[in-house]
Amino acid sequence: MSASTVINPKGSASAPAGGGAGPFAAAALNSSVGAKVLVALTGVSLVTFLVFHMIGNLKVFSGPDAINAYAHFLKHDLGALIWIARAGLLGLFVLHLALALRLKARARAARPVPYAYPNSVQATPESRTMLMTGLVVLVFVLFHLAHYTFAWVHGAELPDGKVVSYLDLQDAKGRHDVYSMVVAGFTTPWLCAFYIVTQLLLFVHLRHGIQSAFQTLGLKNARFRAAISFLGVAVAGAILIGNLFIVCGVWAGLAPPLR
Ligand code: HEM
């Protein structure tokens, strides 16, 4: 390394000479400000998915036909769109996680010695634990995909005692029986406990994440400060209440088992 090489712990400050969209995107990804904006935008998009996912899942209380028809529509009637949406969702998730981890590593590298008086730093318990709660959400998502998308967690017991994969279970109209799969999930105590704990930690992550995203985007100014803080609590709270209602409602028998 030459003596004149300058290492900027916050990434390169400007796009390399030459211009063009490629170098600009690379510089944006490499600078801390660009990465923060991308973490904020990907986070807001993921929260939007969570709101729609929760509303869709509440169909379990409208009965098997409603939720099975909805899942069938998403998987079979949207054609290539569903694969584009899934790829987009995965891309958003990976980008959000990778950039957040890199920002954290850079912040640590820039301040190897901790603050002498940590309590004087403007940070809440939620903001200090964003990395930890984010990693819990990652573990939850991996488990959740194994549970409901790949049906690896437990099988469906047929009346003759045979156990089959939930992916092979069909309703009377020949559609994937998502209703029975969800009901079986939330009538299993340890699965309910796992979902309840992880949804509470998801709430902690989202409550801080939502208002922090608006702050990064420059919208949490004196005028909108109170409204943005309220929005964080309201949106994260709605996702928590909706998801807990599904888990506890099914557990309490509001969506009775079919078989
Ligand atoms: C109690 C709350 C939840 C319930 C009942 C639920 C239910 C489901 C079900 C049944 C599926 C499979 C759908 C199908 O195969 O047709 C699914 C997929 C999925 N869920 Fe959830 N979910 C919940 C919460 C969450 C949360 C909090 C996240 C993210 C943090 C999440 C992320 C996903 C993803 C990424 C998929 C895969 C989507 C796809 O394959 O296209 N879910 N969920």
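Data table
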quantity: Long-range neighbours under 6 Å by Cβ, at least six apart or interchain, first residue farther than 22 Å from PRO257 by Cβ and without any contact (Cβ under 8 Å) to a residue 24 or more places away in the chain within the stretch 179-207, second within 11 Å of the ligand (Cβ to nearest atom) and part of a loop (DSSP other than H, G, I, E, B); calculated: none
quantity: Filtered residues of the stretch 38-79 (kept if more than 12 Å from the ligand (Cβ to nearest atom), in a helix (DSSP H, G or I) and at pLDDT below 95); calculated: ASP77
quantity: Extreme residue, nearest to the ligand (Cβ to nearest atom), among residues of the stretch 108-144 that are at pLDDT below 85 and hydrophobic (A, V, I, L, M, F, W, C); calculated: ALA123
quantity: Residues of the stretch 210-259 classified as under 30 Å from TYR166 (Cβ atoms), assigned to a loop (DSSP other than H, G, I, E, B) and free of Cβ contacts under 8 Å to residues at least 12 places away in the same chain, total; calculated: 2
quantity: Hits in the stretch 160-185 - residues which are within 11 Å of the ligand (Cβ to nearest atom) and part of a loop (DSSP other than H, G, I, E, B); calculated: ARG175, ASP177
quantity: First in the stretch 22-36 and surrounded by 15 or more Cβ atoms within 10 Å (Cβ to Cβ), second anywhere and in a helix (DSSP H, G or I) and of a type in the set (D, E, K, R), Cβ under 8 Å, 6 or more apart; calculated: SER32/ARG106; ALA35/ARG102
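The values are calculated or read from the model by the stated rules, or taken from the named source; none is laboratory data. Quick caveat: nothing in here was measured; it's all calculated off a predicted structure. Ideal geometry is used to build each Cβ from the backbone, glycine not excepted, and the neighbour counts take in all protein chains shown.
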